[in-house]
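Read through the structure below, which is laid out as structure tokens, and then see the notes.
The values are calculated or read from the model by the stated rules, or taken from the named source; none is laboratory data. Values in this document were obtained by computation on a predicted structure and should not be read as measured data. Positions of Cβ are generated from backbone atoms using ideal geometry, with glycine treated the same way; all protein chains shown enter the neighbour counts. When the accessible area is computed, the model is the full protein with side chains, heavy atoms only, and any ligands, DNA or RNA have been set aside. Shrake-Rupley method; radii C 1.70, N 1.55, O 1.52, S 1.80 Å.
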Amino acid sequence: MMEQDETPGDVIPSVKDEEIEEEAETTELIDDEEEDEEALPHSEILDIFEEGLALLVQDPLLCDLPIQVTLEEINSQIALEYGQAMTVKVLKADGETMPIVVVQNASVLDLKKAIQRFMELKQQREGGVKYVSWRYVWRTYALVFQGEKMEDDNTRLKDYGVRNRDEVTFMKKLKKK
């Protein structure tokens with residue numbers, strides 16, 4: 001009950017004062033959280049990020065990706081789902097097939113770069129060879145689609161007739177005499 005000397009207007013300011021105090025406490029908590037975030041070392045933030053990526057990989061759309069997935073691989077998989085990219089299966093001489101993801105209007109050079117990135121990631125995960133001379137690789141090997149060498153780096157894959165899920169062979173070039 002209100003005492004006689006109190007007016008309804010006196011009650012409202014006390015409620016506002018409580019709200020202001022709550023806002024101040026909330027602001028202090030947010031400031032404390034921001035300080036905590038800044039206090040985390042890079043390695044811990046990286047671990048948190050990798051845990052988040054691992055959770056993403058459990059999604060049915062992304063389940064084909066490796067556990068040590070990169071953001072680039074996730075973006076490629078999403079682009080595939082939306083039809084903005086295609087998978088080109090690159091056949092190596094040893095019988096291994098590399099599923100390489102490139103954008104729809106990719107050039108031969110884009111495919112070569114994607115192959116390099118795929119191999120680098122694979123080597124990092126498996127602890128294989130540390131350095132590959134890609135200059136040497138592209139001088140001695142060619143990409144072949146349906147018997148035609150894909151020699152011009154600036155030509156689009158679709159100009160060679162390459163479509164989603166087509167196979168391109170990674171073949172050793174013959175020496176010219």
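Remarks
- Spacing of the modelled spin labels on Tyr82 and Phe118, each 7 Å from Cα toward Cβ, amounts to 2.3 nm.
- Gained length - Ala39 relative to Met171, 0.36 nm times residue gap less alpha-carbon distance: 42.3 nm
- Here Asp110 and Asp47 are evaluated by their C-beta separation; at R0 = 30 Å the FRET efficiency comes out at 0.35.
- Compared with the direct C-alpha span, the chain from Thr155 to Thr97 gains 18.6 nm at full extension, assuming 0.36 nm per residue.
- Area accessible to solvent at Val162, 1.4 Å probe radius, in Å²: 0 Å²
- Vicinal HN-Hα couplings computed from phi for region 146-152 (Karplus, 6.51 cos²θ - 1.76 cosθ + 1.60; Hz; Gly/Pro x): 6, x, 9, 6, 9, 8, 7
- Neighbourhood charge, 11 Å Cβ-Cβ cut-off, centred on Leu56 and excluding it, Lys, Arg +1 and Asp, Glu -1: -4
- For region 63-177, Kirkwood radius (reciprocal of mean inverse C-alpha pair distance, Å): 14.9 Å
- Full-stretch length increase - Tyr131, Glu72 - with 0.36 nm per residue and alpha-carbon distance subtracted: 19.1 nm
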